[in-house]
Every structure is written in C-alpha cells, then in structure tokens.
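The values are calculated or read from the model by the stated rules, or taken from the named source; none is laboratory data. The model shown is predicted, which means the values in this text are computed figures rather than measured ones. Methodologically, a virtual Cβ is constructed for each residue, glycine included, from the backbone with ideal geometry; neighbour enumeration extends over all protein chains shown.
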Amino acid sequence: MGTQINCALSKEMSYAGEIVPLSEMFFKEMPALGEEEQQVINGEQVPELMTHLFSKLEALEPFEAAEIKKTIKEVQKETGIKGKQLFMPIRVAVTGQMHGPELPNTIEVLGKEKVLNRLKQYK
C-alpha cells in the first residue's frame, strides 16, 4: 500500500515531508464536509452520477487506476455529465476534499469496499 500511496501523491508533493498530511485521507475516516463541499455534493445531478458510478465500480475487476479511469469516462458518456460537474462530486464523495491527487489513483488506493461505502451515501 505504501508504494501505491507514494505513486498517488508524488505529483502533489514538493518534498518528502509532505507525504504525512497528504496521505491522511487513506488512513482516517472521512472528514465532515465543509460548506463548499456540501454545495458540490448536493448538486442536482449527483444522485444520478453516484448511482451510475456505484454500479460500474461494484462490478469492476480488476480495481485498478487505469480501469477506474475508463469507468469514469463510461459514466461521463452515459450521463452526459462532464468537467467539474463530473469530477468534483466524485472527489468530494470519495475523499471529502475539493482537491487532491489524481482521482483514479486515489480511488484505487482507498479500495473498492471503502469507496463503495462512501458513494452509497450519495446515490
């Protein structure tokens, strides 16, 4: 898991000491959402987006970043949701944060069970 976290966070770090605060999302429970995150997750299209993504990720094998990226693109095509309206709700639902490392890598490192449990709240 350490190598996966390092790969997921490598573009976010300027120096090695930053890995501790940046990696907390992989070890701690999801933080309470702030006002900005609440606005994103309460978007009109979020339930449809989460329902599609949940069903696709639930069936996904192997649960790896490349496959997750393809799955997100499939959801984009199926729902017509794109750009920030696609990626921000997924990021907030999965990490509780507005910014972070590449989403497919983050989802892979968090793991299927944890990600599905978090997405389920917003379907």
Which listed residue is basic (K, R) and modelled with pLDDT under 95, from K28, K69, K73: K28
Tally of residues being touching a residue at least 24 places away in the same chain (Cβ under 8 Å) and out of contact with any Phe, Trp or Tyr (no Cβ under 7 Å at 6 or more places or on another chain) across segment 87-113: 17
